[in-house]
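The values are calculated or read from the model by the stated rules, or taken from the named source; none is laboratory data. Predicted model only: the values in this text are computed from it and were never measured. Virtual Cβ from ideal backbone geometry, glycine too; neighbours counted across all protein chains shown.
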């Protein structure tokens, strides 16, 4: 049976941007519906220690997201466990079709679908996904207790994954295409001074090696980017940590995108190329990509949506008045 409903505001996504938008929109009496998506809580649910969330010296990522969800629910948001499979933005009210068969019509939409792990695109990488090749150390690190692993990448994601894996693995080899890391300085310091970590500079993953009976990784062929030579490194697992791609599949042919698929918003706002559709968090942010900036954009999106809906109802409200009334 298809469940149909109409809401003033639909929020798609349940990371810091989505839940913050739900809190602000609820306090503005918009009675928002938030559809959580395939991964309720977003990327922070596969993160361990979070040390840069204001007010929390250290908190586990999953715990932080549980708190955010509870906050949104306490404010009155309708949090739905479902996934939007199709979104029609051609006319208002906008229409979202969900995996469960639910159809939601909304006067305004906030997109907070975040980003997904990037892959290298190697045939051998694809072959061994789930059999020794992973993009989530916090999901699979436990399986590599007292074993050797390789991490591919040089940014925050790669360094965080490598440090996490030192809790289990006997050795962690970080492979980076350049001769210096792009991660935050404090993370670099921890990594480069860790006794379990070796860094191989100026190399890339050329091939994943392994067996088929049973299926499993045995190592990697690395290519030297300076002279083209290759070398083999033994490993029981390979973690690809080269960042994330914006989850803009729902709107790729409907909204204006830029920088490789990020939803483009007006400077200083969360307004997209379609009036009534707003975007926040990692879906739009190719620069900062932090939980705290995502939450800030979620706040902005709720205020922008409230302003838009008030104008549609013939009650024009200045943004500064909205902030004062909701704060």
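Quick notes
- Residue identified as within 16 Å of the chain's Cα centre (by Cα) and assigned by TED's automatic domain parsing to the domain that holds residue 304 among 44, 30: 44
- Considering (1) buried (at least 17 other Cβ atoms within 10 Å of the Cβ); (2) in contact with a strand residue (DSSP E or B) (Cβ under 9 Å, 6 or more places away or on another chain); (3) free of Cβ contacts under 8 Å to residues at least 40 places away in the same chain, the lone condition that residue 126 does not fulfil carries the number (1).
- Residue pairs whose Cβ atoms lie under 8 Å apart, separated by 6 or more positions or on different chains, with the first residue in the range 140-158 and closer than 19 Å to residue 128 by Cβ and the second surrounded by fewer than 24 Cβ atoms within 10 Å (Cβ to Cβ) and modelled with pLDDT under 90, are 153/243.
- Only one entry in 132, 114, 101, 76 is more than 18 Å from the chain's Cα centre (by Cα), in contact (Cβ under 8 Å) with a residue 40 or more places away in the chain and surrounded by 16 or more Cβ atoms within 10 Å (Cβ to Cβ), namely 132.
- In the range 230-238, the count of residues that are under 30 Å from residue 113 (Cα atoms) and modelled with pLDDT under 95 is zero.
- Test: residue in the range 139-152 that is surrounded by fewer than 22 Cβ atoms within 10 Å (Cβ to Cβ) and within 30 Å of residue 296 (Cα to Cα): yes
- Enumeration of residues in the range 1-30 that are under 15 Å from residue 300 (Cβ atoms) and in a helix (DSSP H, G or I): 16, 17, 18, 19, 20, 21, 22, 23, 24, 25, 27
- So residue 138, is it in contact with a helix residue (DSSP H, G or I) (Cβ under 6 Å, 6 or more places away or on another chain), part of a helix (DSSP H, G or I) and not assigned by TED's automatic domain parsing to the domain that holds residue 255: yes
- Filtered residues of the range 177-194 (kept if within 25 Å of residue 52 (Cα to Cα), modelled with pLDDT of 95 or more and out of contact with any strand residue (DSSP E or B) (no Cβ under 6 Å at 6 or more places or on another chain)): 180, 181, 185, 186, 187, 188, 189, 190, 192, 193, 194
- The residue of the range 188-209 that is surrounded by the most Cβ atoms within 10 Å (Cβ to Cβ), among those that are closer than 26 Å to residue 122 by Cβ and in contact with a helix residue (DSSP H, G or I) (Cβ under 8 Å, 6 or more places away or on another chain), is 208.
- Evaluation of residue 231 against the conditions (1) in the same structural domain as residue 166 (by TED's automatic domain parsing); (2) under 24 Å from residue 182 (Cβ atoms); (3) surrounded by 15 or more Cβ atoms within 10 Å (Cβ to Cβ) shows that the sole unmet condition is (3).
Each row is one residue, and each column tells you yes or no for (1) assigned by TED's automatic domain parsing to the domain that holds residue 46; (2) touching a helix residue (DSSP H, G or I) at 6+ places or on another chain (Cβ under 8 Å); (3) surrounded by fewer than 17 Cβ atoms within 10 Å (Cβ to Cβ); (4) closer than 20 Å to residue 117 by Cα.
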position	(1), (2), (3), (4)
262	yes, yes, no, yes
266	yes, no, yes, no
292	yes, yes, yes, yes
307	yes, yes, no, no
